[in-house]
Structure formats: structure tokens, C-alpha cells
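All remarks here apply to the structure that follows.
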Amino acid sequence: ADYTDNLFTGHRAPEGQWQGIGTLEIRPTDSLTITLRADLANDTGRVGSNYHVVRLGTYNAAADVPASPYQYRSDYPGTGNYLHNRGFSANVQWDIAGGYPLQKLPSGRPIVINTQYDSDGTELPIYTAVRNDQSRSLSQEVQIISPADRRLDWIGGLYFYRESAHDL
């Protein structure tokens with residue numbers, strides 16, 4: 001089903017989810033290869049299923065529990081999700097003089113999550129949860145690799161990683 005039914009208010013809440021992934025490889029010269037990758041996912045649904053609350057046992061056992069995970073009872077009409085997830089990476093490989101491949105591997109990922117839902121799972125205005133989180137990560141890696149025709153294989157490199165996250 002692409003919607004959920006609030007049995008308390010009688011409203012339907014549509015979901016909006018989409019995602020994608022892509023790769024692009026560029027070879028400007030015989031010794032240089034650039035591979036770019038990106039992924040994205042969005043969830044902007046106005047979903048409100050308390051199915052997870054009902055089935056995990058925090059729901060009032062005496063209450064009328066809907067049989068379908070696409071039906072719920074909520075006193076909070078604004079139940080919804082917003083997930084914005086993006087990622088990118090690159091692999092730049094350059095064969096420098098002497099057959100030594102040099103590789104640069106940057107990547108990053110920003111994530112935004114805004115969720116509001118009736119976490120008590122009843123028609124009573126007991127508890128509504130609100131979650132607003134943001135995080136960002138960035139990494140950089142540089143490697144130099146021994147030529148394949150040598151007796152000793154080795155890899156040398158540097159790596160940097162930074163992440164920031166906070167609740168709004």
C-alpha cells in the first residue's frame with residue numbers, strides 16, 4: 001500500500017519515497033581514470049503507523065489494535081517523516097612515472113532526519129515524539145601503490161575523516 005489510514009481521524013496519509021544511485025567513469029588519458037559515484041534517498045511521507053509501537057509491547061494491551069500495519073490510531077494529525085540522505089565518492093587513479101599508481105578517494109554524506117509521531121499509540125494526547133537530526137561526514141584518502149611487477153607489494157597513504165552531528 002502507498003498510504004496509511006488513521007482510524008481515529010479517518011485521514012489517509014500518502015508516502016513519498018524515492019532513491020537513486022549513479023556512477024560515471026572518465027578516462028581523459030591512458031594513465032588517468034576518474035570514477036564518480038553518487039547516491040540519494042528521500043522519504044517525505046506523511047506516514048503515521050504505530051505498528052512498531054504496537055508490536056513491541058509499549059501499546060496499551062486493552063486498546064483496539066488495528067490488524068493491518070497500514071492502519072493506526074493517532075491523536076496527532078501531523079505525523080510524518082522527512083529523511084534526506086545523500087552520498088558521493090570519487091576514485092581518481094593516476095599512474096605516475098615508474099608504474100606507481102596514485103589514488104585519491106574523497107567521499108562525503110549529509111543526512112537530515114525530521115520525524116514526528118504519536119509514540120504512545122493511542123487516541124489520547126499522551127506523548128508525541130519529535131526528532132530533528134543532522135549529520136555530515138567527509139573523508140579523504142590518498143594512496144600510492146607499489147607496481148604490480150615487483151617482489152614486494154606495498155601500499156602507503158594518508159587518511160582523514162571528519163563527522164559532525166547534532167540534534168536541532
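The values are calculated or read from the model by the stated rules, or taken from the named source; none is laboratory data. Because the structure is a prediction, the values reported are computed rather than measured. Counting neighbours? That spans all protein chains shown, and the Cβs are built from the backbone with ideal geometry, glycine included. Areas reflect the complete protein model, heavy atoms only, side chains present, ligands, DNA and RNA absent. Shrake-Rupley method; radii C 1.70, N 1.55, O 1.52, S 1.80 Å.
Just wondering, is there one or more residues in the stretch 151-166 that are at pLDDT below 85, assigned to a strand (DSSP E or B) and either open to solvent by 100 Å² or more (accessible area, probe 1.4 Å) or touching a Lys or Arg at 6+ places or on another chain (Cβ under 9 Å) (or both)?
For the stretch 151-166, residues at pLDDT below 85, assigned to a strand (DSSP E or B) and either open to solvent by 100 Å² or more (accessible area, probe 1.4 Å) or touching a Lys or Arg at 6+ places or on another chain (Cβ under 9 Å) (or both): absent.
Taking the criterion of being open to solvent by less than 30 Å² (accessible area, probe 1.4 Å) and at pLDDT 75 or above, would at least one residue in the stretch 94-105 satisfy it?
Checked against the condition, which is being open to solvent by less than 30 Å² (accessible area, probe 1.4 Å) and at pLDDT 75 or above, the stretch 94-105 yields at least one hit.
Note down all Cβ pairs under 7 Å where the first residue falls in the stretch 133-149 and is over 19 Å from residue 107 (Cβ atoms), the second is of a type in the set (Asp, Glu) and open to solvent by 30 Å² or more (accessible area, probe 1.4 Å), and they're at least six residues apart or on different chains.
Qualifying pairs under 7 Å: 133/167; 146/153.
Could you please tell me which pairs satisfy a Cβ distance under 6 Å, a separation of 6+ or placement on different chains, a first residue in the stretch 29-40 that is in contact (Cβ under 8 Å) with a residue 24 or more places away in the chain and more than 27 Å from residue 85 (Cα to Cα), and a second residue that is aromatic (Phe, Trp, Tyr) and open to solvent by 40 Å² or more (accessible area, probe 1.4 Å)?
Short answer, once both residue conditions are applied: 32/94.
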